[in-house]
Amino acid sequence: QVQLQESGGGSVQSGGSLRLSCVASGNTSSSYCMAWFRQAPGKELEGVAGLMNDGSTSYADSVKGRFAISQDNAKNTVYLQMNNLHPEDTAMYYCAAEFRFYHDSNCLGHDFSYWGQGTQVTVSS
C-alpha cells in the first residue's frame, strides 16, 4: 500500500502563488505516474498535472504556463508550483499515484490507485 500526504494549500489572492507538496510512502516503485487533480464544489474532478518517472510532464490546458509539477526523489515528494493563481483555481487539490510502466507520456490519461486526502486551495479576487 502507498500513502500520499498533501500539504501546502491555503488562501491566496488572485495573482499569488502556492506550492503544494505530496509525500509518498509505503510500497512505491521506480516506475510511476504521479499527478495532481482538483475538484471544485459542484464540478467534476479535473486532472491538473502529471509526472512520469522519466521526467515527462503533462498539464491541463487551463493551467499551462502557470503551474509546474516537479519531484524530489530523495524526499519521495512531488510538488505543484502554482503561480498567477485565479479564482477559478479554487478547489480541493488531490495528489494521485500509480506505480507501473507506461507506454505514453500522459499520466492524466490513466487510472490511479492511490490518492491523498486533499488540500484546499482558495483564491480570492
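Structural remarks
- When the Gaussian network model of the chain links Cα atoms closer than 10 Å, the mean-square fluctuations of Gln39, Gln13, Gln81 top out at Gln13.
- Alpha-carbon Rg/Rh ratio, for the stretch 22-77, with Rh computed the Kirkwood way: 1.00
- For the stretch 1-90, the list of GluC sites (Glu not before Pro) that fall in a loop by DSSP and count at most 11 other C-beta atoms within 10 angstrom reads Glu44.
- Per residue, the accessible area of the chain comes to 51 Å², computed with a 1.4 Å probe over protein heavy atoms only.
- Across the accessible surface of the stretch 1-88, with the other protein chains kept in place and a 1.4 Å probe, carbon and sulfur atoms take up 43 percent.
- Taking the three principal axes of the alpha carbon atoms in the chain, the coordinate ranges are 41, 28, 25 Å, sorted in descending order.
The values are calculated or read from the model by the stated rules, or taken from the named source; none is laboratory data. Since we're looking at a predicted model, the values are computed, not measured. Positions of Cβ are generated from backbone atoms using ideal geometry, with glycine treated the same way; all protein chains shown enter the neighbour counts. Keep in mind that these areas ignore ligands, DNA and RNA; they rest on the heavy atoms of the full protein, side chains included. Shrake-Rupley method; radii C 1.70, N 1.55, O 1.52, S 1.80 Å.
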